[in-house]
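So the structure is just underneath, and the comments pick up after that.
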């Protein structure tokens, strides 16, 4: 194998490892996965939004967001209630406890990454995008559904276990 090929694989492994370590830190610090934090953060920001609105805002499927909200509700961090404007509609809100947990949660890895990315010139951002898209193609990962969040998890873990990295509704851990 070519030494540069080894260096590329090592760099990729470091990226995957950094994402995995941050995901584990998040669960240890506040008991929530990255996707749970993202959904709860959006629910807090919106005050009262439907599951569909939240799903679009965080680029996750509606069934995935419904499953996340169900787990957040069980922990008393979010609640679903009938809309004041339209009684047929259900909206999601963050509870006071949910807001407290968010305030104490570590920042998401993609928040830092986006800040760093914003400091780069447009041509550098375009070059990174092009290279990453090429890598995704080389790894046959172009068609894999992925939200704009840096999160990893074990494949085939126990459903509902936030440490396992896999939930029955497709939420990564």
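When 38, 16 are checked against the criterion of being surrounded by 14 or more Cβ atoms within 10 Å (Cβ to Cβ) and in a helix (DSSP H, G or I), a single residue qualifies: 38. Tell me whether segment 11-26 contains one or more residues that are closer than 24 Å to residue 104 by Cα, at pLDDT 90 or above and in contact with a strand residue (DSSP E or B) (Cβ under 6 Å, 6 or more places away or on another chain). Looking through segment 11-26, none of the residues is closer than 24 Å to residue 104 by Cα, at pLDDT 90 or above and in contact with a strand residue (DSSP E or B) (Cβ under 6 Å, 6 or more places away or on another chain).
Check whether at least one residue in segment 98-107 is at pLDDT below 90 and in a helix (DSSP H, G or I), and report yes or no. Yes; the residues of segment 98-107 include at least one that is at pLDDT below 90 and in a helix (DSSP H, G or I).
Please tell me if residue 132 is surrounded by 13 or more Cβ atoms within 10 Å (Cβ to Cβ) and modelled with pLDDT of 90 or more. Spelling it out, it is not the case that residue 132 is surrounded by 13 or more Cβ atoms within 10 Å (Cβ to Cβ) and modelled with pLDDT of 90 or more. Set side by side, the residues 66, 83 differ, and just one is surrounded by 12 or more Cβ atoms within 10 Å (Cβ to Cβ) and modelled with pLDDT under 90, which is 83. Selection over segment 23-35 of residues that are surrounded by fewer than 20 Cβ atoms within 10 Å (Cβ to Cβ) and closer than 16 Å to residue 97 by Cβ gives a count of 3. Under the condition of being touching a helix residue (DSSP H, G or I) at 6+ places or on another chain (Cβ under 8 Å) and in a helix (DSSP H, G or I), the residues counted in segment 52-90 number 14. Restricting attention to segment 43-78, the residues being free of Cβ contacts under 8 Å to residues at least 60 places away in the same chain and within 14 Å of residue 101 (Cβ to Cβ) number 9. Take the conditions (1) over 17 Å from residue 27 (Cα atoms); (2) in contact (Cβ under 8 Å) with a residue 24 or more places away in the chain; (3) within 14 Å of the chain's Cα centre (by Cα); residue 112 misses just one of them, which is (2).
The values are calculated or read from the model by the stated rules, or taken from the named source; none is laboratory data. As the structure is a computational prediction, the values presented were derived from the model and not from experiment. Here the Cβ is made from the backbone with ideal geometry for all residues, glycine too, and neighbour counts use every protein chain on show.
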